[in-house]
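Chemist: I'd like to ask some things about the structure below.
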Amino acid sequence: MSVPTTSAAQKSAVFDAAKVRADFPILQELVRGKPLVYLDSAASTQKPRQVIETIDRYYRAENANIHRGVYYLSELATSKYEAARETVRRFLNAASTKEIIFTSGTTDSINLVAHSFGRAFVNEGDEIIISAMEHHSNIVPWQMLAEDRGAKIKVIPMNDAGELQLDALEGLFSSRTRLVAIVSVSNSLGTVNPVEDIIEMAHSQQVPVLLDAAQAVAHAPLDVQALDCDFLAFSAHKIFGPTGVGVLYGKQELLEQIPPYKGGGDMIREVTFEKTTYSELPSRFEAGTPNIAGVIGLGAALDYVESIGREQISTYEADLLAYGEAKLAAIDGVRIIGTASQKAGAISFVLEDVHPHDVGTFLDRQGVAIRVGHHCTQPVMDRFNIPATSRASIALYNEKSDYDALVEGLDEIIKVFRG
Ligand code: 7TS
């Protein structure tokens, strides 16, 4: 009789929220004398001890520069760094580690594509399609490119629910369209975009697609081959890893056609004063000493997520988000901004007659951390004709009691402001 093996899915068939919470030391901290209620994971997630300990161990026992030493520590650091690349490859289901470029974050990844893809493929009169709900980091690099090349930005509009209007997308394509760059999950509305449909539409016009997966990455499975996206960007700090490190996935055939972004050490084959030849993928795009500890920490973060199971996380969070939305919507004077049929992670809202900054400051005194402002999506605020929202965003360590604390805080605010 064969011994049954435990698959990752079986291991985590039951999502144990208390156990998950216990992995995050910061959630044990008191804030302003109160237990921390952390509802700002869309800005940055907290880190489990598995990640903290991996980075701690790296600096205590494994630290050296990579790709250049012939001694033990350098070889060890190199093998850990490259093992993290394989972890990312597996996590995204990319075809090869050549397709995984380490960057400093989503913003850096998008700038890399804007710069390198832009230099290779975008010329005067060409067009880039983005959407009405992009984060500034998926708007500004394209505007800079457009200005530089004399290209044009076109924008997929959205409806009052905060859903992209795909019927309008059809009409935006032209023979000059060079790229569609689109957010998978909106950070300010929580909308989950139908990226599969968008990719299919773009590919039918021979246009490649970049996905900004900064928000999507921590909430549901991601498979770049199933999606067939051409580029995908995310940041480690939004998926329980450290700040200052991120990933650009790119299809090998595309990465091979675009020039390096930054020049320096580690990305060259041979340098003379007359001419430099560049190294192979992926190091061609990783000039200089990278964030080695950060990359290794990212690997630990992805292993952590896998040990829990992305399907389990997605199911758990969907239930949690529905609970939060129902509770917030039931408050007299609360208007939820972004009511798409598919949402993940974030709930934005405005409270009648109270500025979001007052909401945020008041909640902070209760130990409740939310983000208020335009969330680096000013065009979204303009679309809804509001200056700012309050945003409560979750990750796998949140519980219904976090939303309860938020709602209690809002009830208090209403009492104060309405007398
Ligand atoms: N794209 C999206 C969709 C984002 O939500 C963010 C950060 C970025 C790109 C940029 O990521 P970075 O790691 O390069 O800075 N979003 C947020 C937020 O919602 N609150 O703070 C940062």
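Chemist: With θ set to phi - 60°, apply the Karplus curve 6.51 cos²θ - 1.76 cosθ + 1.60 along the range 263-278 and write out the HN-Hα couplings as whole Hz, x wherever there is a Gly or Pro.
Modeler: Running phi through 6.51 cos²θ - 1.76 cosθ + 1.60 with θ = phi - 60° gives x, x, x, 6, 10, 10, 9, 8, 10, 10, 5, 7, 7, 10, 10, 9 Hz.
Chemist: Working out 0.36 nm times the residue gap between Glu196 and Ile331, then minus their Cα-Cα distance, what length gain in nm do you get to one decimal?
Modeler: Answer, rounded to one decimal: 45.1 nm.
Chemist: Residues of the range 147-167 with amide nitrogen under 15 Å from the 7 Å Cα-to-Cβ point of Ser341?
Modeler: Output list for this probe position: 159-167.
Chemist: Same structure again: Amide H to amide H under 5 Å from Gln46: which residues, 5+ apart in sequence or cross-chain, H placed 1.01 Å off N in plane?
Modeler: So Gln46 has HN proximity to no qualifying residue.
Chemist: Of the GluC sites (Glu not before Pro) in the range 25-86, which ones lie in a loop per DSSP and count no more than 14 other C-beta atoms within 10 Å?
Modeler: In loop regions of the range 25-86 (DSSP not H, G, I, E or B), the sparsely surrounded GluC sites (Glu not before Pro) are Glu29.
Chemist: State, in angstrom, two size descriptors of the range 194-281 derived from its alpha carbons: Rg to one decimal place and Dmax to the nearest whole number.
Modeler: 16.2, 49
Chemist: Which distance in nm do the two modelled labels at Gln225 and Ile386 give, with both placed 7 Å along the Cα-to-Cβ direction?
Modeler: 4.2
Chemist: Continuing with this model, one more query. For the residue pair Leu73 and Phe273, what label-to-label distance in nm results when each label sits 7 Å from Cα along the Cα-to-beta-carbon direction?
Modeler: 3.6
Chemist: Another question about this same structure. If each DSSP helix of 4+ residues adds -39,500 (n - 2.57) and the sum is divided by the residues in the chain, what number results at 222 nm, nearest 500 deg cm²/dmol?
Modeler: -11500 deg cm²/dmol
Chemist: In whole Å, what is the distance between the alpha-carbon centres of the range 46-69 and the range 106-122?
Modeler: Here the answer is 30 Å between Cα centres.
Chemist: Are there any helices in the chain, counted as whole DSSP H runs, that stretch 20 Å or more along their axis by Cα and score at least -0.5 on average by Kyte-Doolittle, and if so which?
Modeler: Qualifying helices, which must be both long enough and hydrophobic enough, are 72-92, 106-121, 292-308, 310-329, 400-418.
Chemist: If amide H atoms are built 1.01 Å from N in the plane of the peptide, which residues on other chains or at least 5 residues away come under 5 Å of the amide H of Ile156?
Modeler: Ile130, Ser131, Ala132
Chemist: If you don't mind, another one. Using a cut-off of 20 Å between alpha-carbon atoms, which aspartates and glutamates can reach Lys275, once sequence neighbours fewer than 8 places away in the same chain are excluded?
Modeler: Glu256, Asp266, Glu286
Chemist: Filter the GluC sites (Glu not before Pro) in the range 297-357 to those in DSSP coil with at most 16 other Cβ atoms within 10 Å of their Cβ, and list the result.
Modeler: Glu352
Chemist: If the chain between Asp167 and Ser314 were fully stretched, how many nm would it gain, using 0.36 nm times the residue separation less the Cα-Cα distance?
Modeler: 50.1 nm
Chemist: Please work out the C-alpha center-to-center distance from the range 227-273 to the range 371-402 and express it in whole Å.
Modeler: Result: 29 Å between the Cα centres.
Chemist: Which chymotrypsin sites (Phe, Trp or Tyr not before Pro) in the range 29-85 pass both tests, a DSSP loop state and at most 11 other beta-carbon atoms within 10 Å?
Modeler: Those that pass, being in a loop and sparsely packed, are Tyr71.
Chemist: Quick one: 3J(HN,Hα) in Hz for the range 173-180, Karplus 6.51/-1.76/1.60 with θ = phi - 60°, rounded, Gly and Pro as x.
Modeler: The phi angles translate into 6, 8, 5, 9, 5, 9, 7, 10 Hz.
Every number in this text was worked out from the coordinates using simple rules, so none of it is lab data. Owing to the predicted nature of the structure, the values given are computational and were not obtained by experimental measurement. FYI the Cβ positions are ideal-geometry reconstructions off the backbone, even for glycines, and counts take in every protein chain you see.
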